[in-house]
Amino acid sequence: RLADVSIRRPVFAVMLVGGLIALGIVSLPRLGVDLFPRVEMPIVTVVTRLDGAAPETVERAVTQVLEESINTIEGIRPLSSQSTDSLSLIYIEFELEYDIGQKLQEVRDQVASVISEIPQDAEAPVVNRVDPDAAPILAVMLSGPHAIRTLSEFADKHVKTRLERVPGVGSVTLAGDRPREIRVWIDPVRLGGYGLAVDDVIAALQREHVELPGGRLETGSGEWSLKTLGKLTSANQFGGLVVAERQGRTIHLDDVTTVEDGMAEERTVSRLNGERGVSLLIRRQSGENTVEVAKAVKAELERIRTELPSGYQMAVALDSSVFITAAIRDVGVDIAYGAALAAVVVLLFLRNWRSTAITALAIPSSLVASFVFFYAFSFTLNTMTLMALSLSIGMLIDDAIVVLENVYRHMEEEGREPADAASAGTDEIGLAVVATTLATCAVFVPIAFMSGIVGRFFREFGLAASSAVLVSMLVSLTLTPMLCARYLRVQRQQGRVFWALERGYRALESLYRRALAAGLRHRPSVVALAIVAMLGGIALAGAVPIDFVLQEDRAEFNVWLKRPLGSSLEQTLALVESVEAELRTVPEVSLSFATIGSGAKKRVNEALVYVQLVHKSQREKTQQEVMDEVRRRIRDKKLPLRDFAVEELGIISLPGSRNAQLMYSFRGPNIDRLNYYASTLVEKMRAAGGYADLYLSYETGKPEIALDITRERAADLGVSALQIGRTISALYAG
């Protein structure tokens with residue numbers, strides 16, 4: 001009936017399909033563009049800083065307290081943690097069926113319930129869920145012939161504030177900066193001469209450097225707000241601060257200290273192609289379009305670049321939108337090629353331009369109309385959804401070919417008029433078209449309901465393919481019969497090309513008839529052959545490599561470097577300079593962007609070098625071959641490294657962790673035995689070969705000075721352990 005209505009009312013068919021196409025065109029610009037679908041990871045992290053604390057102290061005083069409280073929450077799968085210098089990292093993974101938003105709040109509630117049990121000096125724990133959108137999409141390097149303090153202030157006060165106002169930008173963090181800082185250097189000798197302690201200096205700073213609201217003042221003429229301006233803004237003001245009074249004399253801060261208007265301690269470095277500067281790491285808001293946000297940020301950068309003072313330079317060091325745009329464009333080109341080739345194949349078999357045009361029209365119609373479903377389901381244009389469309393190209397034209405071929409047969413063999421043939425032909429084949437389409441959907445729809453993280457990634461794949469196929473069925477039952485009734489004609493003129501192809505098709509048909517007849521005469525043999533082929537396929541399936549995603553040549557990778565514990569920033573910087581010099585000798589490398597102390601752990605003995613290669617069309621080696629060469633060169637240089645890795649950019653990154661294809665966890669009551677077993681396994685894996693970038697997360701060997709308090713002498717002098725600890729902390733921890 002639908003086909004008959006479309007034949008009698010052609011405007012209905014055109015408006016029905018045209019309306020879907022128009023909605024698809026309107027929906028397309030509103031779709032997000034990303035590399036992978038938006039997947040809500042069921043992982044929550046708890047990050048707590050306790051500056052100056054040893055790993056054992058962090059584990060005992062922070063990590064264990066929080067773990068015991070969090071572990072009572074329902075639905076936890078593995079709960080793991082890392083306790084390092086000054087930092088506690090806890091990872092909580094939940095079962096997929098739970099609402100991660102609700103579990104995030106439960107973790108926050110449990111952390112809040114034990115906040116009083118962790119040391120007061122610890123920063124408030126930061127509870128967040130793992131967001132694939134949390135990785136920086138852009139890194140911008142600001143450099144120039146100026147002091148690092150000047151660059152840091154300009155980056156923070158001017159560039160950062162403007163980038164944060166760009167729609168879609170979530171956060172902008174600095175790396176390699178050294179902001180202005182008032183540093184108070186305590187002189188213990190002068191302090192002791194006045195009979196004062198470090199606690200007195202700390203108390204004076206806490207007492208005098210403060211700004212509090214003063215309430216309001218109500219008068220007959222109105223209401224006035226009050227505030228106490230107690231904040232100090234210069235080194236001179238700090239120097240004049242009153243610490244105490246002794247025997248009628250006022251002791252100022254500069255009497256017992258040296259006050260310096262300087263910079264924060266150097267704990268992070270950022271370098272682009274060997275040149276130092278301040279980098280801005282830009283992250284998007286969750287769910288925002290990566291490409292659009294990057295485009296808006298780069299437009300703002302161009303405006304900022306025109307306003308930069310003389311000598312300042314700004315360069316994009318990392319841009320993840322470039323690969324996403326290229327990947328989406330490549331898949332789009334593949335879809336276009338697939339559609340064109342499908343139309344060419346139809347033309348070769350039908351040998352009729354009108355027939356080819358009618359059937360080929362189903363491909364763009366179905367593709368564009370399917371974007372309506374993308375928008376309705378909040379899908380993005382990513383490799384999964386576009387892969388589903390590219391896979392569906394052949395199926396999108398199937399229904400239209402079946403309908404047109406049957407209509408043409410009625411016209412050619414029975415001599416029917418086009419409208420009558422279109423109605424009869426579609427009626428005859430319509431149920432088969434619906435059945436084959438639904439059978440195809442029965443294959444793709446269950447993919448959308450796969451369990452696990454893989455199921456989350458493939459949900460959009462299954463539904464995208466199903467929606468495109470359903471639209472193609474609608475087109476084949478409405479637009480195709482109408483066009484057949486209006487424009488399809490039996491071809492009377494037959495040229496040389498027609499007969500050349502006809503002879504080939506008749507030979508193919510004859511060969512098929514003989515093969516079919518032989519198969520029907522030997523039915524048991526055919527069934528046995530099919531069973532053997534199936535069993536052989538099952539046997540060979542075990543030899544096929546299995547991976548989550550394909551290894552793509554993204555023309556970019558990371559080099560992770562780690563010096564032994566206790567290494568200084570200067571030593572790590574020297575190591576980075578050596579690796580950068582080696583990278584410059586690799587002809588395929590176009591850019592290197594190095595950061596020290598910029599991760600969640602902010603370790604000065606670790607560095608990350610982002611390496612960008614020239615486009616794959618401009619080099620003979622693949623990315624994997626270049627990575628192997630870089631790995632070999634670093635190994636051969638015998639650098640003072642504890643560990644290093646040359647690794648691909650990960651899909652999802654956890655704070656304080658690294659990307660690896662295989663990770664093993666050893667558990668037990670004795671940490672020394674665990675370390676022995678883990679080290680033995682690593683050595684055996686190295687000896688076996690086939691493994692790269694092996695490393696252990698357990699670390700020992702950092703130099704340490706332990707201060708053992710003599711309680712009796714401290715008690716005689718009236719000094720508590722708390723005072724001693726605060727004094728040491730003030731003098732050495734900042």
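The values are calculated or read from the model by the stated rules, or taken from the named source; none is laboratory data. Source: prediction; values computed, not measured. With ideal geometry, Cβ positions are generated from the backbone for all residues, glycine too; neighbour counts draw on all protein chains shown. Only protein heavy atoms, including side chains, enter the accessible area calculation; ligands, DNA and RNA are left aside. Shrake-Rupley method; radii C 1.70, N 1.55, O 1.52, S 1.80 Å.
Taking the criterion of being in a helix (DSSP H, G or I), over 18 Å from SER476 (Cβ atoms) and not hydroxyl-bearing (Ser, Thr, Tyr), would at least one residue in the stretch 392-399 satisfy it? Outline the logic, then answer.
We begin by selecting, within the stretch 392-399, every residue in a helix (DSSP H, G or I); these are 392-399.
Filter once more, so that each one left must be over 18 Å from SER476 (Cβ atoms): none.
The answer is no; no qualifying residue exists.
Open to solvent by less than 70 Å² (accessible area, probe 1.4 Å), without any contact (Cβ under 8 Å) to a residue 24 or more places away in the chain and within 24 Å of GLY274 (Cβ to Cβ) - does that describe any residue in the stretch 123-137? If you could, list the steps in order and put the result at the bottom.
Taking the stretch 123-137 and keeping what is open to solvent by less than 70 Å² (accessible area, probe 1.4 Å), we get 125, 127, 130-137.
From what's left, without any contact (Cβ under 8 Å) to a residue 24 or more places away in the chain: none.
No; the residues of the stretch 123-137 include none that is open to solvent by less than 70 Å² (accessible area, probe 1.4 Å), without any contact (Cβ under 8 Å) to a residue 24 or more places away in the chain and within 24 Å of GLY274 (Cβ to Cβ).
Can you find a residue in the stretch 175-197 that is buried (at least 19 other Cβ atoms within 10 Å of the Cβ), of a type outside the set (Asp, Glu), more than 26 Å from SER729 (Cα to Cα) and touching a residue at least 60 places away in the same chain (Cβ under 8 Å)?
No, every residue in the stretch 175-197 fails to be buried (at least 19 other Cβ atoms within 10 Å of the Cβ), of a type outside the set (Asp, Glu), more than 26 Å from SER729 (Cα to Cα) and touching a residue at least 60 places away in the same chain (Cβ under 8 Å).
Any chance the stretch 568-575 includes a residue that's surrounded by fewer than 18 Cβ atoms within 10 Å (Cβ to Cβ), without any contact (Cβ under 8 Å) to a residue 24 or more places away in the chain, among the hydrophobic types (A, V, I, L, M, F, W, C) and closer than 12 Å to VAL269 by Cα?
Yes.
Mind telling me which of the residues LYS601, LYS621 ends up being assigned to a loop (DSSP other than H, G, I, E, B), free of Cβ contacts under 8 Å to residues at least 40 places away in the same chain and surrounded by 15 or more Cβ atoms within 10 Å (Cβ to Cβ)? Talk me through it step by step, then tell me what you get.
Working: LYS601 fails: free of Cβ contacts under 8 Å to residues at least 40 places away in the same chain.
On inspection, the qualifying residue turns out to be LYS621.
Inside the stretch 534-548, can you point out the residues that are among the aliphatic types (A, V, I, L, M) and either open to solvent by less than 70 Å² (accessible area, probe 1.4 Å) or under 30 Å from GLN661 (Cβ atoms) (or both)?
Initially, the stretch 534-548 is screened for residues among the aliphatic types (A, V, I, L, M), giving 534-535, 538-541, 543-544, 546.
Those that are among the aliphatic types (A, V, I, L, M) and either open to solvent by less than 70 Å² (accessible area, probe 1.4 Å) or under 30 Å from GLN661 (Cβ atoms) (or both): ILE538, ALA539, LEU540, ALA541, ALA543, VAL544, ILE546.
Taking only the stretch 1-18 into account, find how many residues are closer than 12 Å to SER365 by Cα, open to solvent by 30 Å² or more (accessible area, probe 1.4 Å) and of a type in the set (Val, Ile, Thr).
Within the stretch 1-18, residues that are closer than 12 Å to SER365 by Cα, open to solvent by 30 Å² or more (accessible area, probe 1.4 Å) and of a type in the set (Val, Ile, Thr) number 1.
Given the stretch 1-97, what helices (runs of 4 or more DSSP H) lie entirely inside it while holding 3 or more residues that are farther than 30 Å from GLU428 by Cβ and at pLDDT 90 or above? Even if it seems obvious, please write down each step before you answer.
Details: elements: 2-8, 10-27, 55-58, 64-70.
Answer list for the stretch 1-97: 10-27, 64-70.
Right, VAL527: surrounded by fewer than 22 Cβ atoms within 10 Å (Cβ to Cβ), touching an Asp or Glu at 6+ places or on another chain (Cβ under 7 Å) and farther than 30 Å from MET384 by Cα or not? Quick ask: steps written out before the conclusion?
Working: surrounded by fewer than 22 Cβ atoms within 10 Å (Cβ to Cβ): yes; touching an Asp or Glu at 6+ places or on another chain (Cβ under 7 Å): no; farther than 30 Å from MET384 by Cα: yes.
Considered against the rule, which asks whether it is surrounded by fewer than 22 Cβ atoms within 10 Å (Cβ to Cβ), touching an Asp or Glu at 6+ places or on another chain (Cβ under 7 Å) and farther than 30 Å from MET384 by Cα, VAL527 comes out as no.
Under 25 Å from ASN406 (Cβ atoms) and either open to solvent by 40 Å² or more (accessible area, probe 1.4 Å) or of a type in the set (A, V, I, L, M, F, W, C) (or both) - does that describe any residue in the stretch 449-456?
So the first thing to find is which residues in the stretch 449-456 are under 25 Å from ASN406 (Cβ atoms), and the list is none.
Among the residues of the stretch 449-456, not one is under 25 Å from ASN406 (Cβ atoms) and either open to solvent by 40 Å² or more (accessible area, probe 1.4 Å) or of a type in the set (A, V, I, L, M, F, W, C) (or both), which makes the answer no.
Only one of (1) open to solvent by 40 Å² or more (accessible area, probe 1.4 Å); (2) farther than 30 Å from ALA139 by Cα fails for GLY239. Which number is that?
Looking at each condition in turn, GLY239 falls short on (1).
Any chance the stretch 587-594 includes a residue that's charged (D, E, K, R), without any contact (Cβ under 8 Å) to a residue 60 or more places away in the chain and touching a strand residue (DSSP E or B) at 6+ places or on another chain (Cβ under 9 Å)?
Our first condition is that a residue be charged (D, E, K, R); within the stretch 587-594, this holds for 588.
So of that shortlist, the ones also without any contact (Cβ under 8 Å) to a residue 60 or more places away in the chain come out as 588.
Applying the additional criterion that residues be touching a strand residue (DSSP E or B) at 6+ places or on another chain (Cβ under 9 Å) yields 588.
Scanning the stretch 587-594 turns up at least one residue that is charged (D, E, K, R), without any contact (Cβ under 8 Å) to a residue 60 or more places away in the chain and touching a strand residue (DSSP E or B) at 6+ places or on another chain (Cβ under 9 Å).
Among the residues of the stretch 276-318 satisfying the criterion of being in a helix (DSSP H, G or I) and polar (S, T, N, Q), which is most open to solvent (accessible area, probe 1.4 Å)?
Here the answer is THR306.
Regarding the stretch 429-437, can at least one residue be identified that is in contact with a Lys or Arg (Cβ under 7 Å, 6 or more places away or on another chain) and either under 26 Å from TYR337 (Cα atoms) or at pLDDT 85 or above (or both)?
So in the stretch 429-437, the residues in contact with a Lys or Arg (Cβ under 7 Å, 6 or more places away or on another chain) come out as none.
No, there is no match, as no residue in the stretch 429-437 is in contact with a Lys or Arg (Cβ under 7 Å, 6 or more places away or on another chain) and either under 26 Å from TYR337 (Cα atoms) or at pLDDT 85 or above (or both).
Being hydrophobic (A, V, I, L, M, F, W, C) and within 29 Å of the chain's Cα centre (by Cα) is the filter here, so list the residues in the stretch 63-87 that pass it.
Here is the first cut: in the stretch 63-87, the residues hydrophobic (A, V, I, L, M, F, W, C) are 65-66, 70, 73, 76, 79, 87.
Across the stretch 63-87, the qualifying residues are LEU66, ILE70, ILE73, ILE76, LEU79, LEU87.
Considering only residues that are in contact with a Ser or Thr (Cβ under 9 Å, 6 or more places away or on another chain) and assigned to a strand (DSSP E or B), look in the stretch 185-231 and name the one that is nearest to LEU722 (Cα to Cα).
Among residues in the stretch 185-231 that are in contact with a Ser or Thr (Cβ under 9 Å, 6 or more places away or on another chain) and assigned to a strand (DSSP E or B), the one nearest to LEU722 (Cα to Cα) is ILE186.
Name the single residue, out of those in the stretch 604-615 being surrounded by 15 or more Cβ atoms within 10 Å (Cβ to Cβ) and of a type outside the set (Val, Ile, Thr), that is farthest from the chain's Cα centre (by Cα).
Taking the stretch 604-615 and keeping what is surrounded by 15 or more Cβ atoms within 10 Å (Cβ to Cβ), we get 604-613.
Add one more test, that the residue is of a type outside the set (Val, Ile, Thr), and what stays is 605-608, 610, 612-613.
On the way: ASN605: 25, GLU606: 21, ALA607: 20, LEU608: 17, TYR610: 15, GLN612: 17, LEU613: 20 Å.
Going through the qualifying residues, I end up with ASN605.
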